[in-house]
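The values are calculated or read from the model by the stated rules, or taken from the named source; none is laboratory data. This is a predicted model, so every value here is computed, not measured. Reconstructed Cβ throughout: ideal geometry from the backbone, glycine too, with neighbour counts over all protein chains shown. Accessible surface areas use protein heavy atoms only, side chains included; no ligands, DNA or RNA. Shrake-Rupley method; radii C 1.70, N 1.55, O 1.52, S 1.80 Å.
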Amino acid sequence: VLTSFKRAFLVKDTNTGGNKLVSYAVFAMASFDILWVWMCMIQCWNNTVNEMNEFNQNSGDDSFGCKFMGWYSSFSLVSMMGSHCLVVYYLMNHLKTMDPSCLNS
């Protein structure tokens, strides 16, 4: 996320076309992906450091840990897939305006 943020906003780029747009796209996708990374890291840290507790996903199907893992996995799947689809849609429309012959409808 940090590298894509630097490339998108902090690095002066003389090319204002596709390269800058790709930097914005990568930053958007990384931003949506980071939620899963942090939630998974918190739960894995808990599983590594602590003994079996309610936050551990292996403590039962009705445990908080199992429900938490299901929630952040489902939410992250939708947000990651959604952001990737939006970025592709935006990039394809941008490319069509630049050179309509480069894409097949």
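Projected label points at CYS40 and MET80, each 7 Å from Cα along the beta carbon direction, are separated by 0.5 nanometres. Taking 7 Å steps out from each Cα toward its Cβ at LEU91 and PHE5 produces label points 2.2 nm apart.
Counting only protein chain heavy atoms and rolling a 1.4 Å probe, the accessible areas of VAL87, VAL49 rank, largest first, as VAL49, VAL87.
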